[in-house]
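So the structure is just underneath, and the comments pick up after that.
The values are calculated or read from the model by the stated rules, or taken from the named source; none is laboratory data. Keep in mind it's a predicted model, so treat the numbers as computed, not measured. Here Cβ is always computed from backbone atoms with ideal geometry, including for glycine, and neighbour counts include all displayed protein chains. Side chains are part of the model used for accessible areas, which takes the heavy atoms of the whole protein and leaves out ligands, DNA and RNA. Shrake-Rupley method; radii C 1.70, N 1.55, O 1.52, S 1.80 Å.
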Amino acid sequence: MNDPPDRNVMVSTRGLVRHFEGGRVRAVDGVDLEVAAGESVAICGPSGCGKTTLLNLIAGIERADAGTLSVGGFRLTGRSDGAPDELRRSVVGLVFQLHNLLPNLTALENVQIPMIAAGLAPRLRHERGVSLLDRIGLAARAHARPPMLSGGERQRVAIARAMANEPPLLLADEPTGALDSRNGQRLLDLLSQLQRDTHTTLIIVTHDAAVASRADRTIQMLDGRIV
Amino acid sequence: MMDGGSALTPLKMTLRNLIRRPMRTSLTALGVGVGVVAIVAFSAIVLGLRGSTDASIHMNDAGLLVFQAGIAADILSALDEDDTRRKLAEIPEVRFGLASLWHLLRVEQQPFCLALGLRIEDAEWTEHEDLIAGRYLASNDEVLLGSVLSKLLDKGVGDTIRIGSEPYRVAGVFHTGVVFNDGAIIVSLPRLQQLANKKGQATTFQLYLADDADPYALAERMEARFPEWAVVADVNQYDKVDHGLAMADSLVWAVSFVALVVGSLIVTNTMWMSVLERTREIGVLRAVGWSPGGIVRLIVLEAVGVGVLGLAVGCVLGVVLAETTALMPVTQQFIDPQYDWAPFLRAAVIAVALSALGAVLPAWRASRISPAEALRYE
């Protein structure tokens, strides 16, 4: 069962727990969090504090050991069906620290990958892919493969891919971590602009205070807990 | 504005993945192709054998062949020539029975040569109509050469050839279009009976029937009346006297099956390697919403792509192998490859199915990849 959609709450967790190594490592240890629709939230903290694990739980690519988690009306805890797949197809767009583009596909084709999963018609996939690349200023690089793109261009294509299915929630894990400061700034500008234009909820994991300062709200984590 | 171009599809992703490692894809396709080669080449050869056998049965518009019943191979048939003639004379639908003795001889440098012994006085019923040079036999010291054998021996009308230590003059060269016959030598029946130590024997009688005779019904009646005979009306009845064609059919299946199973295992190995190498990429696909079923379809599609490539390569190489085999001096007297859509269709179905089957395990492995673990994978 999914929760009845609450248009004001995008993410809601109660006592969320994720353990590794048989419980010896408590990556996420009883997190209560609520993120409103349209809000931008930065999750900060030192390396190993559980930021990425929390983001992965919200994205449905990690499974919680305890607690409750609801994302965009999908209740992800206590079920073993294809809900996480559906969540990632329709609600969540993911941006990783590394671009994770498929090297044998062009920029335009990489952007279309999530749309295949969502079952969009080929013509619409192509048109939307072209439009997204145009929007991020990479229309001229549409047919370049990732090895031919700069680090900043690859990460912008990764953002376009995350926006491909027009998700209401964008999750970004250290999106500027592999970029120099100039490209990092440009990328953050792009993310902020896209979020404003599309009223997307943004949760960004970072250990960079400057990045966090752009968000509406900052959450600090330490040893798997929000402090 | 950028130029157009078609949308990304799973098929396009498959093709991109296949050309990503061209050498590996080619070698895997070749592995599948070996099985296809076996099916196409052997089927063409067996089909040729069947066609030649059928053409031999009906040579010169003959209707039936009579052999000794209960034999394991046609060439082992031993009919008493005089006794058989007497019995055939009692059957009104039989206009004439042409006695023929079959034997294998070494002729000049050819190690295996089919020799047909025919009576000189039966000339009007024999293949002399197919003579392309010279004339029919006039004495026991003369022979006729089939066109293929004539070419192989480089002998023509007026030349002398040796069978054992005896010289024979080539009286004529014939061409029937049936490779068995065109690779044969025709000797007078008494002389071949002497050479084969089969005095008074014939291998078969080729029967010329009355116009209104039904060969199939007549064959049944003749066998009922003379149980010592096996009477063949067409190639499908030839297993009454020779299991060679049936054995060849079985051999084609056995060899093809083994080769394709090996091909399938090669596909499994390749796809398994490919899945391991692309663990992170598969994790990305899962992370952006691809379902396990979608991943399975992608991997199986890739394997089927390899199978189709192997099919294409195998069909071409199969035809080349069959034709090359037919050109070899030892085999060109017996092999005349023929082609039919059925073996190609069979090869296509089996190659694609076994390739897909070979992808099952890797696809299952890929579908089980956890996106979180895959994204941590280096």
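A few points about this structure:
- Any hit, the range B:312-319, residues being of a type in the set (Gly, Ala, Ser), surrounded by fewer than 18 Cβ atoms within 10 Å (Cβ to Cβ) and not in a loop (DSSP other than H, G, I, E, B): yes
- Taking the numbered list (1) under 22 Å from B:LYS87 (Cβ atoms); (2) part of a helix (DSSP H, G or I) in turn, B:PHE205 passes all entries but (2).
- Residue list for the range B:299-310, restricted to those being surrounded by 24 or more Cβ atoms within 10 Å (Cβ to Cβ) and not charged (D, E, K, R): B:ILE299, B:ALA303, B:VAL306, B:GLY307, B:GLY310
- Residue check, A:ALA37 more than 14 Å from every other protein chain (Cβ to nearest Cβ) and closer than 15 Å to A:PRO167 by Cα: yes
- Selection from the range A:175-205 of residues that are open to solvent by less than 40 Å² (accessible area, probe 1.4 Å) and within 20 Å of A:VAL71 (Cβ to Cβ): A:PRO175, A:LEU191, A:LEU194, A:GLN195, A:THR200, A:THR201, A:LEU202, A:ILE203, A:ILE204, A:VAL205
- Among residues of the range A:169-191 that are under 22 Å from A:LEU55 (Cβ atoms), those with a Cβ under 9 angstrom from a residue that is in a helix (DSSP H, G or I) and of a type in the set (Ser, Thr, Tyr), sequence gap 6+ or separate chain, pair up as A:LEU170/A:THR198; A:ASP173/A:THR52; A:GLU174/A:THR52.
- Within the range B:214-234, tally of residues that are open to solvent by 20 Å² or more (accessible area, probe 1.4 Å) and of a type outside the set (Phe, Trp, Tyr): 11
- Among the residues of the range B:117-133, those that are open to solvent by less than 20 Å² (accessible area, probe 1.4 Å) and of a type outside the set (Asp, Glu) comprise B:GLY117, B:LEU118, B:THR126.
- A:VAL71, sole failed condition from (1) under 21 Å from A:GLU166 (Cβ atoms); (2) within 12 Å of chain B (Cβ to nearest Cβ): (2)
- Matching residues in the range A:89-147 - criterion: being among the β-branched types (Val, Ile, Thr), at the interface with another protein chain (Cβ under 9 Å from one of its Cβ atoms) and under 24 Å from B:SER291 (Cα atoms): A:VAL92, A:THR106, A:VAL111, A:ILE113, A:ILE116
- Which listed residue, of B:SER250, B:SER264, is of a type outside the set (Lys, Arg), open to solvent by 60 Å² or more (accessible area, probe 1.4 Å) and either within 32 Å of the chain's Cα centre (by Cα) or within 14 Å of chain A (Cβ to nearest Cβ) (or both): B:SER250
- On the stretch given as the range B:57-79, residues that are open to solvent by 30 Å² or more (accessible area, probe 1.4 Å) and assigned to a helix (DSSP H, G or I) total 4.
- No other residue among A:ALA83, A:ALA118 is over 21 Å from A:GLN195 (Cα atoms), touching a Gly at 6+ places or on another chain (Cβ under 9 Å), open to solvent by less than 20 Å² (accessible area, probe 1.4 Å) and touching a residue at least 24 places away in the same chain (Cβ under 8 Å) apart from A:ALA83.
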